[in-house]
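Here the structure is laid out as structure tokens; the discussion comes afterwards.
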Amino acid sequence: MVVTMREFGATIPWQVTAHQWNMLGSHDTARIRTVVGDPALVEVAAGLLFTLPGTPALFAGDEIGLEGTTGEGGRVPMPWAHPEGWDLRTFEVYRSLIRLRRTSRALREGGLRWAVVAADAVAFLRETLDERVLVVVSRGAWPGAEIPRHLLTPGAQPENLYGGADLGVEPGALRIPGDGPAVQVWRLA
């Protein structure tokens, strides 16, 4: 994923990357729930959608767990009259991620720096002059990782903004937990 993003990003100006529409699916593709199957992996995909540079765009119904394959199967209309069939946990995931993005300037406007690239996880920083956010997304359990402690503002403690896990603060390093599938977001500055 990171190699592809770097290669593609090298061909377009940053302003395009920062403002492009990012989608997990559309009326021309299978729905994300159908593609990944597991609601926890939908959360991982949505976590990337709302934390990477660009403008997140949703296909109506993905936020409630609608399923469907390509063609008409992926175009199931939004079941407004039947909220009892909605996956409320997935709905809350999307609401929380939208709220997170709205309250973090770094997630909306910040630059991107890759901190960890592993087989089943990535960690990256989104940064503005006044905010630094660490995002960790894993599709499965992994060993975790350490990143330099100087990324944390001196005297500050990491503030978990999403996911609920603690970021270990050790002499010289910040210890990222290896939980997964998971999305974790911490404010470092």
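Which condition does residue 112 not pass, out of (1) within 21 Å of residue 173 (Cβ to Cβ); (2) under 14 Å from the mean Cα position of the chain (by Cα), if it passes all the others?
Exception for residue 112: condition (1).
For segment 167-189, how many residues are part of a loop (DSSP other than H, G, I, E, B) and more than 11 Å from residue 136 (Cα to Cα)?
So the count comes out to 4.
Given the options 97, 49, 66, name the one that is farther than 19 Å from residue 122 by Cβ, in contact with a helix residue (DSSP H, G or I) (Cβ under 9 Å, 6 or more places away or on another chain) and outside the structural domain of residue 162 (by TED's automatic domain parsing).
66
Taking residue 6 and the conditions (1) within 16 Å of residue 96 (Cα to Cα); (2) part of a helix (DSSP H, G or I), which numbered condition does it fall short on, given that it satisfies the others?
(1)
Just to be sure, is residue 84 over 29 Å from residue 2 (Cβ atoms), over 14 Å from the mean Cα position of the chain (by Cα), surrounded by fewer than 20 Cβ atoms within 10 Å (Cβ to Cβ) and not aromatic (Phe, Trp, Tyr)?
In short, yes.
Taking the conditions exactly as written (of a type in the set (S, T, N, Q), over 30 Å from residue 29 (Cα atoms) and exposed (fewer than 15 other Cβ atoms within 10 Å of the Cβ)), does residue 128 satisfy them or not?
No; evaluated as a whole, the condition is false for this residue.
Please work out if residue 172 is free of Cβ contacts under 8 Å to residues at least 60 places away in the same chain, surrounded by 13 or more Cβ atoms within 10 Å (Cβ to Cβ) and outside the structural domain of residue 43 (by TED's automatic domain parsing).
It is false that residue 172 is free of Cβ contacts under 8 Å to residues at least 60 places away in the same chain, surrounded by 13 or more Cβ atoms within 10 Å (Cβ to Cβ) and outside the structural domain of residue 43 (by TED's automatic domain parsing).
With segment 13-126 as the region, which helices (runs of 4 or more DSSP H) entirely inside it contain at least 1 residues that are of a type in the set (Gly, Ala, Ser), touching a residue at least 12 places away in the same chain (Cβ under 8 Å) and over 22 Å from residue 184 (Cβ atoms)?
Output list reads 14-19.
Taking the stated definitions as given, is residue 75 in the same structural domain as residue 41 (by TED's automatic domain parsing) and not polar (S, T, N, Q)?
Answer is yes for this residue.
Every residue in segment 145-165 that is farther than 19 Å from residue 43 by Cα and part of a loop (DSSP other than H, G, I, E, B), please.
152, 153, 154, 155, 156, 157, 158
The values are calculated or read from the model by the stated rules, or taken from the named source; none is laboratory data. All of these numbers come straight from a predicted model, not from anything done at the bench. Glycine also receives a Cβ, built like all others from the backbone with ideal geometry; neighbour counts cover every protein chain displayed.
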